[in-house]
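I have placed the structure first, in the form of structure tokens, so that the comments after it can refer back to it.
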Amino acid sequence: MKALALGGATVDIIASVSDDEIERMTMHNAITNFLLLEEGKKVEAETIETHTGGGAINASVSMAKLGLDISCVVKLGDDIEGQMVLKRLEQTGIDSKWVINGSELPTGCAVMVSSHVRNPTIFVARGANTLLTPDEITPEMFADVGLTYVTGLSGASADCFPKIVRLAKEAGSLVVANPGIRQLTSRTQSFWDSLAHIDVLVLNEVEAARLLPFVSAKSEQDFTGCCAYSNEKNLPELLKKGVGIPGARLSLEGFVSTITQFGPKQVLVTNGKEGAYLGTDQEIVFCPAQKARVMGTAGAGDSFASTFSAFIAVGQGDETALKAAAINAASVVSVMDTQSGLLGKDEILQRIPKSDWGKFNRYPAKN
């Protein structure tokens with residue numbers, strides 16, 4: 001199957017710092033943690049590695065390893081970092097014919113500082129990723145493409161989103177959108193207007209919370225009370241507490257029900273180390289995360305969403321797709337970078353029967 005991924009490309013510089021060089025501070029009256037480094041000190045790093053990354057590149061490498069004929073649309077600067085990205089595409093068999101070179105801004109770059117908490121702080125200079133224009137998105141890109149996967153579009157590049165999903169849908173492609181939080185908050189109305197062209201919407205719990213005010217305003221029913229499953233024991237977290245922030249929450253059923261009325265057939269909400277929820281107008285499926293020795297969390301969301309999308313696109317079914325995605329994400333977090341942990345399709349399928357799936361449950365829609 002031919003697939004197309006659109007979004008960001010970066011070169012990731014990952015510095016691993018020993019535990020005694022960095023401190024963690026947790027705010028007791030907030031949900032924020034801070035990593036602290038001594039001011040003015042030259043910190044000795046255990047390792048410093050350079051890798052390619054970015055949503056579209058991570059997804060493309062993932063799908064290539066899963067056997068799809070994948071191309072990507074990214075914008076690169078005329079620099080050594082751009083050449084590194086192109087070399088990575090060549091190494092992994094990804095078609096680069098739609099890559100746009102020679103931007104006046106440099107190729108995107110990220111610096112990650114990893115420590116004992118294994119949840120790296122990331123500094124990002126998005127560069128050329130912000131300069132994709134609607135004129136550069138053409139119908140030819142979507143010819144014979146069975147799966148179109150749209151990752152977060154940075155800055156002004158988010159203006160391309162409506163045209164991308166419309167052209168993909170018109171071409172008969174399965175359209176999966178995994179927008180970033182900045183895209184959702186800066187262009188909410190434009191995003192909402194584009195839902196009619198999206199088949200699968202992928203969000204993490206934080207992104208879903210940011211979209212909550214808009215979803216609540218569009219909902220024709222009151223979903224703010226207890227969820228429909230509140231009397232059940234051992235309920236997964238988001239079915240128990242809903243989506244949002246304390247004092248402003250919507251039941252997950254209501255969140256999914258509202259969004260599916262405007263186009264998407266499936267809404268996938270990931271919730272970090274707990275697991276993921278796949279919602280339709282018929283049910284919500286909870287897939288627990290797989291156990292892993294976590295070395296870094298960067299790229300876990302990209303691996304989960306791209307694997308789910310690839311398996312769905314080739315007709316594997318939602319349960320197999322969710323399990324495959326959970327296995328691939330667990331493999332990715334076992335390394336520090338975003339790609340070297342990605343697995344091939346055969347290895348994933350071999351692991352599915354051997355894995356402990358815990359509370360993999362289906363919850364029929366009750367609203």
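The values are calculated or read from the model by the stated rules, or taken from the named source; none is laboratory data. Just so it is clear, the structure is predicted and the values come from calculations on it, not from any experiment. Methodologically, a virtual Cβ is constructed for each residue, glycine included, from the backbone with ideal geometry; neighbour enumeration extends over all protein chains shown. With ligands, DNA and RNA removed, areas are computed over all heavy atoms of the protein, side chains included. Shrake-Rupley method; radii C 1.70, N 1.55, O 1.52, S 1.80 Å.
Descriptive notes on the structure:
- Which label in (1) 78, 52, 42; (2) 77, 52, 31; (3) 55, 53, 42 gives the computed Cα extents along the principal axes in Å: (3)
- Distance between the modelled labels on residue 39 and residue 282, one decimal in nanometres: 6.0 nm (7 Å Cα→Cβ projection).
- Among the listed pairs 233/359; 163/273; 42/273; 65/265; 218/241; 169/323, those beyond 23 Å (Cα-Cα): 163/273; 42/273; 65/265; 169/323
- Accessible area (Å², per residue) of the chain, counting only protein heavy atoms and a probe of 1.4 Å: 45 Å²
- Here the accessible area is traced with a 1.4 Å probe on the protein chains. For the chain, carbon and sulfur cover 49 percent of it.
- Rg [Å, one decimal], Dmax [Å, integer] - segment 264-341, C-alpha atoms: 12.1, 38
- Charge dipole of the chain about the Cα centre (unit charges at C-beta), most positive-ward option of 317, 303, 103: 317
- Across segment 309-319, rounded Karplus estimates of 3J(HN,Hα) from the backbone phi angles (6.51 cos²θ - 1.76 cosθ + 1.60, θ = phi - 60°) give 4, 5, 5, 5, 4, 9, x, 6, x, 5, 5 Hz, Gly and Pro being marked x.
- The chain: relative contact order in percent, alpha carbon pairs under 8 Å with at least 6 residues between: 15 percent
- Each of 350, 339, 360 was scored by the projection of its Cα onto the charge dipole of segment 327-367, and the greatest displacement toward the positive side belongs to 360; charges sit on the C-beta of Lys, Arg, Asp and Glu.
- Cβ-placed point charges (K, R +1; D, E -1), dipole of the chain about Cα centre in debye, nearest 20: 900 debye
- Net charge of neighbours whose Cβ lies under 15 Å from the Cβ of residue 111, counting Lys and Arg as +1 and Asp and Glu as -1: -3
- Taking every DSSP helix (H) stretch of at least 4 residues in the chain, weighting each as -39,500 (n - 2.57) and dividing the sum by the residue count yields a mean residue ellipticity at 222 nm of -8500 deg cm²/dmol.
- Placing a label point 7 Å from the Cα of residue 140 along the Cα-to-Cβ line, the residues of segment 71-107 whose backbone N sits under 20 Å from it are 71-76, 94-103.
- About the Cα centre, charge dipole magnitude for segment 260-304 (Lys/Arg +1, Asp/Glu -1 at Cβ), debye: 240 debye
- Computed log₁₀ I(q)/I(0) - Debye formula, equal Cα scatterers, no solvent, segment 51-182, q 0.15, 0.18 Å⁻¹: -0.73, -1.05
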